[in-house]
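Note sheet for the following structure.
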Amino acid sequence: MTTDALLSARKVRKAYGSFVALNNIDFDLPRGERHALIGPNGAGKSTLVACIAGQLPGVEGSIMFKGREVARLMPAELAQRGIGRTFQISRAFLQMSVLENLISANVIASGRWFSLSKSLLCEASDKAGEMLSTVGLTDRAQSTVADLSLGDRKRLEFGMALARDPDLLLLDEPTAGMSIKERHHLMELVAQRVDETGKTLLFVEHDIDVVLKIAQRVTVMVRGGILATGAPAEIAANEQVQAVYLGGHH
Amino acid sequence: MSLSLRMSPGRWAALAAAVVAVELANRIGGPGMSLVLAEMLILALFASSLNLLMSYGHMVSFGHSAFFGLGAYGFTLMVTKAGLPVEAALVFGPITAALGGLVFGALCVRLTEIYCAMLTLACAQITFTVLFQWYDFTGGDTGITGFMPARFGMTEANFATLTLVVLGICLAAMARIVGSPLGLSIRSVGQDRWRAEALGLAPRRVQLAVFVIAAFFAGIAGTLFAVSQGAAFPDYAGLGFTLDALIMVVIGGLLSFWSGVIGAVIFSQLRHWGPLVTDHWGLALGIILMIIVIALPHGLASVAGKLSRLLGWEGRK
Amino acid sequence: MITRILTGVSVLALTAGAALAADAIKVGYVTGLTGACAPISEDGLNGSKLAVEMLNASGGVLGQPLELVIRDSQTKPEEGGKQARELAAAEGISLLTGVCSSSVLLAVTEVAKEFKIPHLAIIGSTQKANIEAYNPYFIQTQANATMEALAAAEYVAKKSEWTKIAPMGFDYEWGHTSVDAFVGRLKELRPEMEIADPIFMKVGEQNMGPYVTAALSTNPDAVYAAVFGGGLVSLIKQGQSFGLFAKSNLVTLLTVDTLQSMGNAMPKERVFGVARAPFFALEQTPELAAFIEAYQAVYNEYPTDWAINGYDSMMWYAAAATAAGTTESDAVIAAFQTGSFDGLKAKGLTVRAFDGQMNAPAYVGEVNFDPSFPFPTMKNVEKFAGEALMFSEETIQAMRDAAK
Amino acid sequence: MIWVQLVNGLMEGMMLFLIASGLTLIFGVSRIVNFAHGSLYMLGAFLTYALVPLIGPGSVAGFFASVLLAGLLTAAIGTAFEMLALRRIYGSDPLMQLIITVALVFIIRDVVRWIWGANSVMVPAPDALMGAFIINDTYYPVFPFVIFGAGLVVVLAMIGIIRFTRAGIILRAGTDDRGMAALLGVNERLIFTGVFASGSFLAGIAGGMAAPYGDVNYLLDTTVIVTAFIVCVIGGLGNLYGALAGAMLVGVTKAMGVLFFPRLSMVLIFLIMAVVLIARSLGRQGGPAR
């Protein structure tokens, strides 16, 4: 296994009863890389992300993160170790305002969830304020999540994921439901942020243009396995990929 | 009305008006009225503690009365068994309840939704059974009486005022918690535990914290109730009190800080005056509840909310 | 049922209506109109109402009419305590009575003490109220539960052919104290008697099968059951199919209400029962006849033990107040503790100041189907005088000290 | 004696199953925690009490006919409640549904007391059912076996429902997928009404069957409901076979408990429930896959 890998998975397998969602996945992710996961629906992209984030029980195989075995850890522990994620079906605190969501994220990030101190709240809200502008939701600060457009929810979730300033950012279809313009805008924002902070990005994306533009390397998944990994150009050129991927996807 | 408690000047005014109204009724309504009010205020505290669990922690409890009962007995037994002076024993009510919350909570938060609720029911029934059967220690079904003059011998009116003050302090404390980072963590886990977990929060710890806090305040209510009666009975931990509190919180309208209080005021007044009006109180209560639930699926707080918005008391939430 | 209540109320209204003009003596009547006590509470209330009508019809007490201020305790101690407290604090009542169930009785006793108001027990009968929780304002106008258990023991002891007894009871204070008292007295009277370990079942238990089976496993000559109401009904019905009445006998609490509920489902023999005031076995005085007639006229059913208790206690309160010449609490209590009282239950009864216990008798008899009644009654009913059943003052003092 | 006790236990178990089956069926399909289930049970008992004298008293057939009719009437009342009240709030918070069933508890209890009074009533049962087989001087009561038979019939009917009806499909479709019915493209409301009706029917006949054996009074509702919940939870809410197993476990444990540790009898079943739930919690539950 490559020592400079931030994340490296070996023989990762996840089955739901007889259905094998992930089949002996070997996967390496070097530090500072922007990596895209692509593949037709049901290829296991989201499952892989969920495994890495520790959401799924009964995962076989090994997942090393920062040189430590993390395959059996709970999501909270992984988050504390530097994995931040967004969900394909965006998850946020629905009965809170956008601002409150970000404040909560920062409170949790502070590790002092049990605190009663107002000052912590102030710090958290300052940070939240900055994030609002980072993800461009300043004008929606007071509206509740329920009222947000799909795109705005994705932005919010991205902002929340940044709260811990994670070393590995997992974005599951971060641009689903956005207009093309929005997609590029958000992902450029993400890329920029990741590069500035020298973090690593793994994202699931269907929009090939976005992938080609943002990703430094791409992994193609099919039926729970990895079909190919390589630079965007190679992947784009790969007939196998074109066959399966274009065949399988819309 | 909303979970994040913003007190606009209008709200303060309304609150002040309510307090004054209660105290006035207490002073001019005669001792009978004072007793009714005292009970109402105690139930308001009890219901609010459940509301903390339900509206903020998004956990349903079918066994909240366990903590009411533990509060009452924790206090009473300290007087009768440990021989503490009544005033000193008071603190042990809430403490016992909080410990109960710690134990039961540790078990219950391992489960989700209905199963969690059912386990709370089991815990409460076990508590009730122990209080009911452990004759030598708890006095069994005949409970514990004669260990103190009811209300410390205060006049009915003064005791009602005391409960009003205690309720005020407890609500202030709850408001402080709700508005703190802890409050946000609680709401986060309640509203989306997976999101909270992905942000690095261990949901069960937070849920356990809510359990203990809710149990603590329920314990204060239970202790007050034992004081008001000068007695403790296993019924305090029975299904009846749980259902009452549930009804109060729900008709009070979930997802509002004031649900418990509003629900308690309406429900306890209904229940007090109803039987004096009709022989078929059960029938009447049932129908009233149905109407409320069907007509106001979001509870009475929603009405209060609309009202206050009409009166321009609160801005957009 | 409905009509019964209505007629009851209307008659009360008619007679009381006129009298209420004068300022009435208010009687705080807290009873379990709903909840576990509902069946018997209603009977007690009916008896008391009748007494009040008669008293008011004949000019009331001390020239003032009596007025029952009725509240439902829902058979919950906290509710009963609250209701009693409100009556005492706000309604200016001169008497508390009507209470059913041990826990409510104790809750109300506390209120009576707090407000220094006489408290006449007519249904609830835990010995705790006479012993640990006693206060001078408490008066038990019937044989308390322990005395009943002792009466049962006395009765069983006389059955020389019985050598093995299996006691059982509801798993709460009443069940335990009754069983303990019964076993204790029986051991004194018949040291050689084999007494099995008592069996206790959950209050409100529906399926008595397992308990009957366990009790019969010791082949007892008789089963003593401190069980009442629905539980007793289940016990008797299910007992039959387990051969309880073929192999053994049952000694339990048989008040008229139970006899009425059981009706023909009652076994023809081998059932023995303790009662507090079985109208058919009482001394058949003209007063009793008149009462039964009046009672049937209003409620068109026979008066149960509780109805008679309710009637007696109101009459006795009237007598005590008249003797005292006032409704002032301490004077009334004094009158109770010094006077002698004639009632339907028995005559010449007195109250012991030490624990407020009236030396009321307990009746024990054997089930009987008398064609002149629409429900089973009892035959060979023995009357056990209260004195013989009351603990001595020393014993009580000892128990009080122990409870401290 | 152990054997008689076993019979007692199994009989109580089957009785509990009769009660719990309807509750768990309703929950499994409509996700409603029906606090009024005990009240419907009580209603069934009182209706049987009212019907037996009208329909052949003393005859076995007459008794069963009465029970069946009582069950149908209870079902009718349950259905009316579902259509007039419950249905209006399917959308809103589940707690609202809970409270509205609690409201029904208050109503039924008051009405029953209004009509039949507070005293226990005797449901006359044909002597044929109330007797006992006597095998070398040990009495084996007939009635438990009757209950058992009735229970078996219900079990078979249940299997039928689960196998062959859409409600069954939803049941099997797994407990946590509320959208399932919609996906199946069936009229959810119709199914909910049907399920509530059958649940009420089961409660009704359970009450009717038990009526002659025990005492019938207007407080039966609460006595029954808590135990019913426990049974359902032990068996897994919405799981009918589980309910059967849970009922038997509780019934037998109670009966044996009387012999071996009587003092615990009251807490015992709650302990079982708690243990089962805690055991259930030991497995780590997974998060959302996507």
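The values are calculated or read from the model by the stated rules, or taken from the named source; none is laboratory data. Small disclaimer: the values here were computed from a predicted structure and weren't measured. When we count neighbours, we look across all protein chains shown, and the Cβ atoms used for this are built from the backbone with ideal geometry, even at glycine.
At a glance:
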item	result
Checklist (1) surrounded by fewer than 24 Cβ atoms within 10 Å (Cβ to Cβ); (2) more than 30 Å from B:ASN158 (Cα to Cα) applied to B:MET54, failing item	(1)
Enumerated helices (runs of 4 or more DSSP H) restricted to region B:108-211, each holding at least 2 residues that are among the charged types (D, E, K, R), within 22 Å of the chain's Cα centre (by Cα) and within 27 Å of B:ALA264 (Cα to Cα)	B:156-178
Yes/no for D:ILE269 being away from chain C (no Cβ under 11 Å) and either buried (at least 21 other Cβ atoms within 10 Å of the Cβ) or assigned to a helix (DSSP H, G or I) (or both)	no
Within region C:136-184, tally of residues that are in contact with a Lys or Arg (Cβ under 8 Å, 6 or more places away or on another chain) and among the charged types (D, E, K, R)	4
Considering residues of region B:250-274 that are free of Cβ contacts under 8 Å to residues at least 60 places away in the same chain and surrounded by 21 or more Cβ atoms within 10 Å (Cβ to Cβ) only, the residue farthest from B:ALA14 (Cα to Cα)	B:VAL250
Index of the failed condition, A:LEU150 passing every other in (1) in contact (Cβ under 8 Å) with a residue 12 or more places away in the chain; (2) within 13 Å of another protein chain (Cβ to nearest Cβ)	(2)
Scope region B:124-177; condition aromatic (Phe, Trp, Tyr), surrounded by fewer than 20 Cβ atoms within 10 Å (Cβ to Cβ) and at the interface with chain C (Cβ under 9 Å from one of its Cβ atoms); matching residues	B:TYR135
Number of the condition not met by A:LEU116 [criteria: (1) in contact (Cβ under 8 Å) with a residue 40 or more places away in the chain; (2) of a type in the set (A, V, I, L, M); (3) surrounded by fewer than 19 Cβ atoms within 10 Å (Cβ to Cβ); (4) within 13 Å of another protein chain (Cβ to nearest Cβ)]	(1)
Count of region D:124-144 residues which are out of contact with any strand residue (DSSP E or B) (no Cβ under 9 Å at 6 or more places or on another chain) and assigned to a helix (DSSP H, G or I)	4
Given (1) away from chain D (no Cβ under 14 Å); (2) not hydrophobic (A, V, I, L, M, F, W, C); (3) not in a strand (DSSP E or B), number of the condition A:GLN55 does not satisfy	(1)
Enumeration of residues in region D:28-60 that are farther than 17 Å from D:ILE100 by Cβ and part of a loop (DSSP other than H, G, I, E, B)	D:VAL52, D:PRO53, D:LEU54, D:ILE55, D:GLY56, D:PRO57, D:GLY58, D:SER59
Some residue of region D:100-111 being in a helix (DSSP H, G or I), buried (at least 19 other Cβ atoms within 10 Å of the Cβ) and among the polar types (S, T, N, Q)	yes
Elements of type helices (runs of 4 or more DSSP H) in region A:74-152, at least 3 residues being modelled with pLDDT of 90 or more and more than 19 Å from B:GLN191 (Cα to Cα)	A:75-81, A:118-134
Enumeration of residues in region A:198-240 that are over 16 Å from the mean Cα position of the chain (by Cα) and assigned to a helix (DSSP H, G or I)	A:ILE208, A:ASP209, A:LEU212, A:LYS213, A:PRO232, A:ALA233, A:GLU234, A:ILE235, A:ALA236, A:ALA237, A:GLU239, A:GLN240
Residue count, region B:1-55 (criterion: over 30 Å from D:MET96 (Cα atoms) and of a type in the set (S, T, N, Q))	2
Verdict on B:LEU239 being surrounded by fewer than 24 Cβ atoms within 10 Å (Cβ to Cβ), away from chain A (no Cβ under 11 Å) and of a type outside the set (S, T, N, Q)	yes
Complete set of residues in region C:378-404 that are outside any helix (DSSP H, G or I) and either of a type in the set (D, E, K, R) or buried (at least 22 other Cβ atoms within 10 Å of the Cβ) (or both)	C:MET378, C:LYS379, C:GLU382, C:LYS383, C:MET390, C:LYS404
Residue in region D:220-248 that is surrounded by the fewest Cβ atoms within 10 Å (Cβ to Cβ), counting only those that are away from chain B (no Cβ under 12 Å) and farther than 25 Å from D:PHE192 by Cβ	D:ALA245
Residue within region A:32-44 that is more than 14 Å from every other protein chain (Cβ to nearest Cβ), in a strand (DSSP E or B) and in contact with an Asp or Glu (Cβ under 7 Å, 6 or more places away or on another chain) present	yes
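Per-residue answers, yes or no, for (1) within 20 Å of the chain's Cα centre (by Cα); (2) within 20 Å of C:PHE138 (Cβ to Cβ):
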site	(1), (2)
C:ASN359	yes, yes
C:GLU382	yes, no
C:SER392	no, yes
C:LYS404	no, yes
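Every residue, every condition in (1) assigned to a loop (DSSP other than H, G, I, E, B); (2) over 17 Å from the mean Cα position of the chain (by Cα), yes or no:
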residue	(1), (2)
B:VAL20	no, yes
B:PRO31	no, yes
B:SER49	no, no
B:LEU52	no, no
B:LEU84	yes, yes
B:ALA97	no, no
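Conditions (1) away from chain B (no Cβ under 14 Å); (2) under 21 Å from D:ALA247 (Cβ atoms); (3) modelled with pLDDT under 95, marked per residue:
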position	(1), (2), (3)
D:LEU10	yes, yes, yes
D:SER21	yes, yes, yes
D:ARG31	no, no, yes
D:MET42	no, yes, no
